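Peer 1: Encoded as structure tokens, here's the structure I'll be asking about.
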Amino acid sequence: MTTVPTTTSGQDAMRPTASGMRRMGERLRHGLGLIGPRHGRHGLPLQQLDTLALPIGDDGVVAGVDAEGQPAVLGINRPTPYDVVLIGGLWTAQVLALRTAATGARVAVETGRPQAWMQMVHAMGGGQNGLAVYEVGRVPPQGASAGTPVLVVRDCGMRPPRGRVVSGPWQSVLTLLPYLSPVAPRLLRQARLTGIQRVSPDEAAELGRTMGLSRTEVESLPGLPDGVTLWCTDRDRQYVMTQPTDAEIGLLGTPRRMD
């Protein structure tokens, strides 16, 4: 009688043995995955660890360059409420709005002079591509989220009314004041960031008292060039020069304090 040898199917051949299963389970318990290609380890002496640093700073909107010529970045898109006051010109507010929209955020402009913003709206696709303009008091809820952060720009003159849409998670509010006014102290108290452009000596003195500016900073404010802003937080002060790109000059013109 002829004996026919038994063959092992391909499926059976691929089935791991009990000892192989134990070894695989041991690797997984220690945080190891499947066995991959064997390569030599890459080692780096501790003294060379700093060479791995990447040349990037905070993320956000590039407002310009500081006194050392380094990029000055405003972290506008935040998971917490963030109020910004800019005592300055429309040009700077529009550049910040344009650059914020370029980061992927939506920009809602509340303004009493919509014609001053229409050129930007048309350039960005008629309001369908990140920037929309509303009358004062008519800004609808924006539905801000981590995926779609929002900047509300309030260009409502010297005495902006209390806004219906306020700052919140992923929704910052930038209020533009052309000059100081009776409502300025309230806005400055609630702001986490304040930008000051060229103002009169009397306004500079008032800001110095309100914000605790140094004598040197107060004396510098009446002579600030166009495009230069003193950005202030509770602890930090930084002069920033906004340098427009060619595209921004073509759309908005050159830096200017007066509108």
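The values are calculated or read from the model by the stated rules, or taken from the named source; none is laboratory data. From a predicted model like this one, the values you see are computed outputs, not experimental measurements. In this analysis, Cβ positions are derived from the backbone assuming ideal geometry, glycine residues included, and neighbour counts consider all displayed protein chains. The area values use the complete protein model at the heavy-atom level, side chains included, leaving out ligands, DNA and RNA. Shrake-Rupley method; radii C 1.70, N 1.55, O 1.52, S 1.80 Å.
Peer 1: When the accessible area of the range 61-252 is computed with all protein chains present and a 1.4 Å probe, what percentage of it is carbon and sulfur?
Peer 2: Answer for the range 61-252: carbon and sulfur cover 52 percent of the accessible area.
Peer 1: Now for a separate question. In whole angstrom, and with the biggest value first, how far do the Cα coordinates of the range 61-252 range along each principal axis?
Peer 2: Principal extents (Cα only, largest first): 46, 36, 31 Å.
Peer 1: With the crude spin-label approximation of a point 7 Å out along Cα→Cβ, what separation in nm comes out for Met158 versus Thr216?
Peer 2: Result for the modelled spin labels: 3.4 nm.
Peer 1: Hey, another quick one. Multiply the residue gap between Val183 and Ala67 by 0.36 nm, knock off their C-alpha separation, and tell me the result in nm, one decimal place.
Peer 2: 38.6 nm
Peer 1: Let me ask another. With θ set to phi - 60°, apply the Karplus curve 6.51 cos²θ - 1.76 cosθ + 1.60 along the range 79-94 and write out the HN-Hα couplings as whole Hz, x wherever there is a Gly or Pro.
Peer 2: Karplus values, whole Hz, x for Gly and Pro: x, 10, x, 9, 10, 10, 10, 10, 8, x, x, 4, 4, 5, 4, 6.
Peer 1: Moving to a separate point now. Which residues among the range 151-194 fall inside the zone where the amide N is under 19 Å from a point 7 Å beyond the Cα of Thr103, along Cα→Cβ?
Peer 2: 151-155, 166-176, 191-194
Peer 1: Across the range 207-222, in residue order, what do the Karplus-derived ³J(HN,Hα) couplings come to in whole Hz, using 6.51 cos²θ - 1.76 cosθ + 1.60 with θ = phi - 60° and x for Gly and Pro?
Peer 2: With coefficients 6.51, -1.76 and 1.60, one gets 5, x, 6, 5, 10, x, 6, 6, 4, 4, 5, 4, 5, 7, 4, x Hz.
Peer 1: Something else now. How much of the DSSP beta bridge set in the range 60-145 is antiparallel, as a percent to the nearest 5?
Peer 2: 50 percent
Peer 1: Taking 8 Å as the Cα distance limit and 6 or more residues as the minimum spacing, I'd like the relative contact order of the range 61-252 as a percentage.
Peer 2: Here the relative contact order equals 28 percent.
Peer 1: Modelling each spin label as a point 7 Å along the Cα-to-Cβ direction, I'd like the Thr148/Arg209 distance in nm, to one decimal.
Peer 2: Distance between label points: 4.6 nm.
Peer 1: Amide H neighbours of Ile76 under 5 Å, at least 5 residues apart or on other chains, H built in the peptide plane: list them.
Peer 2: Hits under the 5 Å cutoff: Val61.
Peer 1: Arrange the residues Arg78, Arg215 by how much accessible surface each exposes, largest first, with a 1.4 angstrom probe.
Peer 2: Reading off the accessible areas and sorting them downward yields Arg215, Arg78.
Peer 1: Just the number, please: Stokes-Einstein D of the range 166-259 in µm²/s, Kirkwood Rh from C-alpha pairs, 37 °C, 0.692 mPa s.
Peer 2: The diffusion coefficient I find is 226 µm²/s.
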